[in-house]
Amino acid sequence: MSGLVKDAIKIALVAASVGSFLVAATATPASSTGTPLHITYISSLTGPAATEYGDSQQGCSARVDLQNSEGGISGRRIELSIVDDQTNPTMTQDAVQAADDGNSLGIVANSPFFDLAAKYAQTAGMPVTGNSADGPEWGEKPYTNMFDAFRGSENPSTPVNSVFGDFLKQHGGTSIGTYGYGVSPLSAEEAQGAADSFQRAGGKVGVINTSVPFGSVAFTALALVAKDHHVDALLPTMDDDSNFALLTALEQAGVKLKAVLLPVGYEPSVVGSPAWTAVQGAYFASLARPFSLPNAGTEQMSAALVKYAHFSKSQFASFGQDLSWLGCDLLIKGLQRAGANPTRSGVIKALRTLKAYNGNGLLPITINFSTVFGHDLPQCVWIMRAEKTGFVPVSAKPFCGTDYPGTSLRQGS
């Protein structure tokens, strides 16, 4: 591990970045006393995955600042270290080791490569909350220290789910094209799962490509293949840059798409961007309740982002900010439930007794962390449509699916 990484993680309340690896900042309320509680947020703020996570730290930081403004945890403020792994697997592993060396009580993970560092965190007895987009270890033993703030857990067999196939078929698709990154097992599995889901909904599979290079924007040849196979429904499981480049290439190749569903990309920065024309009419999934459908959870988060991240009152959270807010919110719940002097093992134990978590209404489901490990809950997402002036909810209710019994996308399962 580099000396910079090891030393930087140990620093509390750093006002600016240390090199390009760490940024740490929290509010320090007058009402908080006692020894601070240290936690670490790890994400890909730069590098190819920055299209999803580049500003994600604002969600986690705002949630911590809000908690500190209310007195912290039992009168002790939270000190947050924010680590940029630069979409680099080696740096992800270094960040986890440095968090351990720096006595962090927990990690919020929002990185496509966290699966490569998960073993170290598990061996160190470190509670990990966040987003399971990196791999299935979030539901595999011995990783019972890990808590997916969105799904509750991963089902290690990764069964085929009806949610996306049903949606695309109901919205006119007849032949699907799915695309995933070869380097990401989960991206590849989800692309395969989308194709299987669509086929079970009555559609045909035109193209399944699960070997796209990470971050690729070169899709001219693949677009011609899609045209030859009469693809008119699309679900890519890649990052924004790749997804939008694929849409542009398909349009240029003359592919007539009837239904497009993007699992990511519902973000303020997309509206009016160079990609906005290409995505008109496309549907976007949102794992968290959109701000345009307000409730107590969206209003709390919006107010915190306005106050601490300098959002405008009309601005909504990005995909990465939703992920980081809920990851930090869940870890804070664990700290609160672990007593006045929380320990890593105490936080893990406390989170496993949390039986009804929905992020103050931000989630479309309620998670029972005492029973969900190794299983999965109904897949539910809000669907937004890209229209001329912005994103519009298709419905006030989330769109939900169920697993197909006996199916698995995992090799050897």
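Key figures
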| read-out | value |
| --- | --- |
| Computed FRET value (nearest 0.05) for residue 141 with residue 353, which takes r as the C-beta separation and R₀ as 22 Å | 0.70 |
| Within straight-line cross-link reach of residue 204, aspartates and glutamates at Cα separation under 20 Å, skipping those fewer than 8 residues along the same chain | 166, 189, 190, 196, 228, 232, 403 |
| Expected 222 nm ellipticity per residue - DSSP helices of 4 or more, -39500 (n - 2.57), all of the chain, to 500 | -9500 deg cm²/dmol |
| Share antiparallel - DSSP beta bridges, the chain, percent rounded to 5 | 40 percent |
| Lysines with Cα under 19 Å of residue 119, excluding same-chain neighbours fewer than 8 positions away | 6, 141, 349 |
| Segment residue 394-residue 307, extension gain: residue separation times 0.36 nm, minus the distance between their alpha carbons | 28.4 nm |
| Difference of contour (0.36 nm per residue) and Cα-Cα distance, residue 46 to residue 345 | 104.5 nm |
| Set 169/388; 227/256; 169/258 screened for pairs whose C-alpha atoms are more than 20 Å apart | 169/388 |
| Length-normalised contact order for the chain - Cα pairs under 8 Å, 6+ apart - percent | 18 percent |
| R0 of 51 Å, Cβ-Cβ distance residue 103-residue 269: FRET efficiency to nearest 0.05 | 0.90 |
| Amide hydrogen neighbours beyond the local backbone of residue 44, cut-off 5 Å, H modeled | 85 |
| Dipole of the chain [Lys/Arg +1, Asp/Glu -1 at C-beta], most positive-end residue of 66, 133, 324 | 66 |
| 10 Å Cβ shell holding at most 10 others, DSSP loop, trypsin sites (Lys or Arg not before Pro): longest site-free stretch of the chain | 1-255 |
| The stretch 306-376: C-alpha gyration tensor shape, a/c 1.5 cut-off, then a/b vs b/c | oblate |
| Per-pair calculated FRET efficiency, R0 = 25 Å: residue 375 and residue 337 via Cβ, rounded to 0.05 | 0.70 |
| Whole-Hz ³J(HN,Hα) from phi, Karplus 6.51 cos²θ - 1.76 cosθ + 1.60, for the stretch 176-193, glycine and proline x | 9, x, 10, 9, x, 7, x, 7, 10, x, 5, 4, 5, 5, 5, 5, 5, x |
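No lab work stands behind these numbers, since they all come straight from the coordinates. Because the structure is a prediction, the values reported are computed rather than measured. Glycine also receives a Cβ, built like all others from the backbone with ideal geometry; neighbour counts cover every protein chain displayed.
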